[in-house]
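First comes the structure, then the notes that go with it.
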């Protein structure tokens, strides 16, 4: 222990190894404490483990999906991209080779940077926690299909017929319909299982078994693995709770790690060029939409204000009128504040991005701790309304544009489809 | 008809969307299989060949209704299993000798979780039920009645009991006394299958002890993790973290813009939402017919307020534009923008760990799930619409000459862009007069 302690610097040499050990225990597949120590001295053998750790922490997928998709080099590249998009301040990261041969100190700094910005440990634990209960399906597969993670594999064929696109769209619509159907069926089955097992769970809040638990009883062979995983998670949670007492030591040590870095060389790094149209396209579209809205509102307000002035001009300025006006103004202000809050408030991750567990209760009983589904439905309906508005507006823009283009050609009659 | 690059991009996007759907469908099918299997009768693990074909399991009743064991059978089964449990307890207890004879006649009833044991003998109607039944013997052939070897009754029952994962039957011994005697008559009468269905016996299940302990420890730990979070790190730790972040920032020579790419993304989404909500509200106000001057004035005030908010949004947008242009060049992803997944300092998650969602009816759950899918579908549609717009509109506007091929392109573009590919319009071209 003496030799290892001597390798650490700082006054709290005794508790630093403990702190690192606890950190390592709290991470899923966390690197060993030795890795952290070597990373301070930028030893190359520590780099692959830290790349893996960063990938694990940053990727939105569960571990089995993510690792299967990308090789280590691609993982490293992806980590770089994500860290850059989060605003990682040090350019040295982008210069690291992606084969995992060096850069462990920079990776350690990157990891600590993430830890310092927010509750990383709790978040990782939450994302990787065991889902013993039943969930509404999440969009994990969306991330899977996003070109960010999966390589964009497109045949370098010739030109594409538009009818092929139409066919693909139809196929997509059909798939969604059958997806919704299957989902309805799954919900019905879930509901049955929950009803039939009511009263089995010791936990009063839950009251019934989930599919995973029922399956475990049905097929006991898998229960050993479940139990092991559960116990591993418990160990990580205990470590995370302890970590809060040791954190300060870790941060003091990280200051020394940062100090051990050589000063930056200010060479301009060579990066991949940004692809400007993507981001700017979105902003352009949004700007157009907002400007169109502004224009409409301006017209309406102008005409109504004029009408109002001419109409009301004769009413006079009696005290009741004044009081009524003030009351109205306040009421409108409150409403508009509420409106603003409705879009500013929900910035956080939606409910479905985190783990949740469905529990069936008797209608009318108040759940002691839990979110009633009615609230979630309300939130989803407002999301739905917003998206429909957005889609409608986009389609309207297209219609206008196409009409404009077709209008340039004389003698054309467009007969719109029925139901338009 | 489409040039190579844009065509490829569109095909790739649509194909990606299709693949995402297919993946969801696969996951859903997996879950459906699991759930259906659980709702059917629970066969012992070894008899996998006896699983009925997957298509038949959707109903809660047995797959072949003609062979449904009567409710009477189920009652008898339940009483039998209760009697067994009682007998096991008694056997564990003081008197062993007297019960052994009963045990040997009881040997047949084991629950399906123990592999290798199958259906068992069923005693005659109990007086508790009040009527004597003629049991229908299930003829579907799946539930073969194999009477376990009478030599090892105790072993089987012990093995059921001792295995930590076995299904434990909750003792309801008190009710059994009157009928206990009746049930013990060993019967050589035709056996009906004893099967375990969730519908009938679900409430008898119990999770194994080790699992229960681990699960309760788990929820306890999550609660602790959430509760100590509010008191949060000590001031010293927070200060240390802030110092570290500042040093990291200074150590880099370049000055970064106010917003990182992910933050710009989030703000843009926020503004998109704002725009949609403002538009919705505006349309509400415009369609309302004011009855008196107060309502009219209120409408006017609201519209003016909305106008002010739109201006603020536009201003914010300018800031974001500026932030985006002054951002450092760096590695970036081609394709869809990355969803911000990590919590930043400003966003605080109130509770970690599994959160409970309470529902009270199947209808509610279905509504929730459908809405969730619909929102995901709409998000995808909006994204596809933007992509299609970016590719198709320029093509329509630049293609010359404006002949029949161009008209076909227009028509196809209109259907894809304005109708979601669902409907088509008709284009008529008048012939020139001469």
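Is it true that some residue in the stretch B:37-56 is loosely packed, with under 14 Cβ neighbours inside 10 Å, at pLDDT below 65, away from every other protein chain (no Cβ under 14 Å) and part of a loop (DSSP other than H, G, I, E, B)? Yes - at least one qualifying residue is present in the stretch B:37-56. The single condition among (1) modelled with pLDDT of 90 or more; (2) more than 7 Å from every other protein chain (Cβ to nearest Cβ); (3) surrounded by 14 or more Cβ atoms within 10 Å (Cβ to Cβ) that residue A:388 does not meet is (2).
If you go through the stretch A:179-216 and keep only what is more than 7 Å from every other protein chain (Cβ to nearest Cβ) and closer than 19 Å to residue B:23 by Cβ, you end up with just A:181.
A single member of A:169, A:216 is in a helix (DSSP H, G or I) and out of contact with any helix residue (DSSP H, G or I) (no Cβ under 6 Å at 6 or more places or on another chain), and it is A:169. Within the stretch A:183-203, does at least one residue satisfy the condition of being modelled with pLDDT under 80 and under 30 Å from residue A:245 (Cβ atoms)? The answer is yes, given that some residue of the stretch A:183-203 is modelled with pLDDT under 80 and under 30 Å from residue A:245 (Cβ atoms). Restricting B:380, B:355 to residues that are within 32 Å of the chain's Cα centre (by Cα) and in contact (Cβ under 8 Å) with a residue 24 or more places away in the chain narrows the list to B:380. Entry remark, the stretch B:1-29: residues being at pLDDT below 85, part of a helix (DSSP H, G or I) and surrounded by fewer than 16 Cβ atoms within 10 Å (Cβ to Cβ) number 2 in total.
The values are calculated or read from the model by the stated rules, or taken from the named source; none is laboratory data. Predicted model only: the values in this text are computed from it and were never measured. Because the Cβ atoms are built from the backbone with ideal geometry, glycine has one as well, and the counts that use them run over all protein chains shown.
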